[in-house]
Amino acid sequence: MWTEPHRARQVRQERKVKRYPSDLSDQEWQAIEPLLPSPARTGRRRITDLREVLNAIRYLVRSGCEWRMLPVHFPPWQTVYWWFRRFVKRLLFKVIHDVALMLDRQNQNRQEHPSAAVIDSQTVKAPGRAARGYDANKKIKGRKRHVAVDSDGRLLMVSLTPADMADSTGAEWVLVALKKRWPWVKHLFADAAYDRRRLLDEATMLGFVVEVVRKLANQHAFIPLSRRWVVERSFGWMMQWRRLVRDYEGRIDVSSEMIYVAMGSLLLKRLFENE
């Protein structure tokens, strides 16, 4: 007779071998499970496995597939999307990312809270999206990601705007949000695009010290510059997740959450890869 213990044993045997590289490991699941919403005390009992929901979300971001093209091993895509929207409202992916960030800094013998950050932007194509613009510098029509990372490249803050917005203008929201979320950050590194009086004045009012790292004299080829190359590496980490190669999301908040899913997954993998 097929009973619940038999079912649980079968599930454990199936999870001994990962079906997809993006699946949660047992250590990652044990760390995330306490942050998930608990079952309701009244009403119908929950039958959806939240671990499989998270596996489906990570698979979608890693592979870049559509919601309706999720493999049959996962719950129905409508169920996965419903839980994704609920997780977004609970700020789950941001919480997972930020907790993993502080734990990873501890493992690297660093203070949990960063004191310095690097700001930069990246323009990506956004086919068929309403909130987009044309970046004349990169010659790309899409959206611009304004980010702040710590001195090792971990994501601290991200803001999405149409691509025609100037880097210094988009960075103003990043500075305000950075002050609220990471109040210990005091020193900022940036390139020459952020050397604007309005931005520097606002940074001073918020208590930041902005250091502009300029290119070398007669520089024509790519040369890694101190304090600036780490943010370019962070963009490279994002590009490993196919859903982030372009901005396919209709909603700005959904697009930013996809970034937190990817970067949080990288930090979790780094935390438990040696266990």
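For the chain, what is the mean residue ellipticity at 222 nm derived from helices alone (per DSSP H run of n ≥ 4: -39500 (n - 2.57); sum divided by total residues; nearest 500 deg cm²/dmol)? Intermediate values should be presented prior to the final figure.
Details: 9 runs with 118 residues, N = 275.
-13500 deg cm²/dmol, from helical runs alone.
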Taking N as the number of residues in the range 88-140, the ratio of its alpha carbon radius of gyration to 2.2 N^0.38 Å works out to 1.71
Counting just the Cα atoms, what span does the range 68-184 cover along each of its three principal axes? Round to the nearest Å and put the largest first. 42, 40, 22
Take the cross-link list K138/K215; K94/K139; K139/K215; K141/K186; K139/K186; K138/K186 and give me the ones stretching past 26 Å between alpha-carbons. K94/K139; K141/K186; K139/K186; K138/K186
Between D49 and A193, what is 0.36 nm times their sequence separation minus the Cα-Cα distance? Round to one decimal in nm. 47.2 nm
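Per residue, what accessible area does the range 156-252 have, given a 1.4 Å probe and all protein chains present, in Å²? Kindly include the intermediate steps, with their values, before the conclusion.
Working: 5500 Å² over 97 residues.
Accessible area per residue: 57 Å².
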Cross-link reach from K144 to aspartates and glutamates, straight Cα distance under 20 Å and at least 8 residues apart if same chain, gives D120, D135, D164, D167, E172, D191, D195, E232, D247, E249, D253, E257
In whole Å, largest first, what are the principal axis extents of the Cα atoms in the range 23-68? 37, 28, 13
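Based on the mean of other Cβ atoms within 10 Å per residue, sort peptides 59-71, 35-47 so the most packed one is first.
The densest-packed peptide leads the list: 59-71, 35-47.
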When the charge dipole of the chain is computed with +1 at the Cβ of Lys and Arg and -1 at the Cβ of Asp and Glu, the Cα pointing farthest to the positive end, of M263, C65, H146, is that of C65
Within the range 239-275: backbone nitrogen closer than 15 Å to the M102 label point (7 Å, Cα to C-beta): none
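May I ask you to order 195-203, 255-263 by the average number of other C-beta atoms within 10 Å around their residues, highest value first?
Taking the mean over residues of other Cβ atoms within 10 Å, the ranking is 255-263, 195-203.
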Distribution of pairwise C-alpha distances over the range 156-247, 5 Å bins, in %: 2, 11, 19, 23, 22, 15, 7, 1
Hey, what do the phi angles of the range 264-272 turn into as Karplus ³J(HN,Hα) couplings, whole Hz, using 6.51/-1.76/1.60 and θ = phi - 60°, x for Gly and Pro? x, 5, 5, 5, 5, 4, 5, 5, 10
So what is the relative contact order of the chain, in percent, for Cα pairs below 8 Å that sit 6 or more residues apart? 21
Give me the percent of the accessible area of the range 200-246 that comes from carbon and sulfur atoms, probe 1.4 Å, all protein chains in place. 55
Please compute the length gained on full extension between T169 and A131, using 0.36 nm multiplied by the number of residues separating them and subtracting their Cα-Cα distance. 12.0 nm
Need one number: % antiparallel among DSSP beta bridges in the range 134-232, to the nearest 5. 70
Arranged from highest to lowest average of other beta-carbon atoms within 10 Å per residue, in what order do the peptides 163-173, 106-116 appear? 163-173, 106-116
Percent of alpha carbon pairs in the chain separated by more than 32 Å? 30
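The values are calculated or read from the model by the stated rules, or taken from the named source; none is laboratory data. Please read these numbers as outputs of a predicted model, since none were measured by experiment. So basically every Cβ, Gly included, is an ideal-geometry build from the backbone, and we count neighbours across all protein chains shown. Quick note on the areas: whole protein, heavy atoms, side chains included, nothing else; ligands and nucleic acids left out. Shrake-Rupley method; radii C 1.70, N 1.55, O 1.52, S 1.80 Å.
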